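The values are calculated or read from the model by the stated rules, or taken from the named source; none is laboratory data. Keep in mind that what you see is a predicted model, and the values were worked out from it rather than measured. All Cβ positions, even for glycine, are placed from backbone atoms using ideal geometry, and neighbour counts span all protein chains on display. All accessible areas refer to the heavy atoms of the entire protein, side chains included, with ligands and DNA or RNA removed. Shrake-Rupley method; radii C 1.70, N 1.55, O 1.52, S 1.80 Å.
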Amino acid sequence: MSPLQDRNLLLGVTGGIAAYKSAELVRLLRRAGARVRVVMTGAAGRFITPMTLQALSGEPVRQELFDPAHEAAMGHIELARWADRILIAPASADFMARLAAGIADDLLSTICLATGSPVIVAPAMNQGMWRNPATRENAALLQRRGVVLWGPAEGEQACGEQGPGRMLEPADLLRRLERHLAGDGRFAGRHVLLTAGPTREALDPVRYLTNRSSGKMGYALAEAFLAEGAQVTLVSGPVALPPPAGAETIAVESALEMEQAVLDRVNRCDLFVACAAVADYRPRVVAGEKIKKRDETLGLELVRNPDILARVAALPAPPFTVGFAAETSDPVARAEEKRRRKGVDMIAANLVGAAEGGFERDDNALTVLWEGGHRELPLSGKRQLADRLVALIAERYEPGN
Ligand code: CTP
């Protein structure tokens, strides 16, 4: 039996070309046994007719806040209470902005403000609108308040552009809802904070010191945790990867910025996974002007950066901590020494600079160590490896599962 059987689902449809997919979504939800009531915004009505959604849901479709006939049957507050879950699909940039601002000037936004039930948002918009800092900040704010964000996906858009902004497919939304309602997913209800990518330590306005890191492993881990139902916050150094759909992604440059972003959020997290290749040192002074070449040699004075992982592990009530160790030789012994020194629960060691994989490669192999045990994860693609590592973290995080 589907976890959707006999559940009350309020589907919010806002204005966007993806609204045509809502019809298929209603059909799939009904087939899975859910009771579906549809609320449309005014703009949604320009893309799909209420008649279609009414026929598919088998219930009257609501559009107006002040509609005496409908309010007499089931008022907006009753609708807000009726819903076990509210899913907004598609959610336009405008609707997300109004949700973030707490505006209640139409039926759907009023219901969202009044409800005590989880609100899930499936964004759909032009890639430029999704990438706009205003939308990014609204999305991050909503996530901080517990709104669940699914998508958007990357790909070809109705406007002919390529990029993030496509609504997830109805079948994908259905699968996620089923998992969400079943509360399965090994990390359902858990919040995971990850660091990924390199850091950049500025020398002057145009130069920096950095580490070799594509961020692929950290991003693959973020996706693997999301697939297991976790809420994911990803603090990322500069990489050329799209932010994982559904994660809150915070872009940083230097180790100090990464440390601050982590410390600001770590108290809300159950697990901390440090995948970033943090620069161990930064220039003591950052030149205000571009450094000019003069002498044959140039000395740089470097100072130690804080160790973010060790700092989190040393907090009075630390989350479950997972670190990485990139070693050029004897990875297991060195990683175990690192694990103990930093006080970390688990450490994943990999050999770099060899044929085994590692930095800037698509394949990787890991040896994972914890107090009293270790396991080899064989060479595989980073996403597959991430799935295996997440499964192993789940075993150690709650032994007995
Ligand atoms: N790490 C961190 N902050 C730092 C340095 C490292 O959070 N300033 C984290 C990395 O994300 C990784 C782990 O610590 O999870 C191991 O990093 P690594 O640089 O390999 O280890 P170090 O302890 O710095 O040792 P060394 O550089 O001497 O090998």
Using alpha carbons only, how many angstrom separate the centre of the stretch 234-304 from the centre of the stretch 61-136? 37 Å
To the nearest Å², the heavy-atom accessible area per residue of the chain with 1.4 Å probe amounts to 47 Å²
Low-density loop positions, chymotrypsin sites (Phe, Trp or Tyr not before Pro), the stretch 49-115 - DSSP coil, at most 11 other Cβ in 10 Å: Phe66
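For the chain, list the DSSP H helices whose alpha carbon atoms reach 27 Å or more along the long axis and whose average Kyte-Doolittle value is -1.0 or above?
Length and hydropathy pass: none found.
If you count the DSSP beta bridges with both ends in the chain, what percent of them are antiparallel, to the nearest 5?
Restricted to the chain, the bridges split so that about 35 percent are antiparallel.
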So what's the Cα pair-distance distribution over the stretch 163-217, bin width 5 Å, in %? 4, 13, 11, 12, 14, 15, 9, 8, 8, 5, 1
Would you kindly work out the equivalent ellipsoid of the stretch 8-183 from its C-alpha gyration tensor and give its semi-axes, the square roots of five times the eigenvalues, largest first in whole Å? 23, 18, 16
Semi-axes of the equivalent ellipsoid for the chain, Cα gyration tensor, largest first, Å: 44, 24, 18
Diffing the stretch 121-128: the Karplus 3J(HN,Hα) column from phi (6.51, -1.76, 1.60, θ = phi - 60°), in whole Hz with x for Gly and Pro, holds 10, 10, x, 8, 6, 4, 4, x
Output for the stretch 281-331: GluC sites (Glu not before Pro) sitting in coil per DSSP, at most 12 other Cβ within 10 Å, listed by number, reads Glu289, Glu296, Glu301
Express the carbon and sulfur contribution to the solvent-accessible surface of the chain as a percent, rounded to the nearest whole number, probe 1.4 angstrom. 50 percent
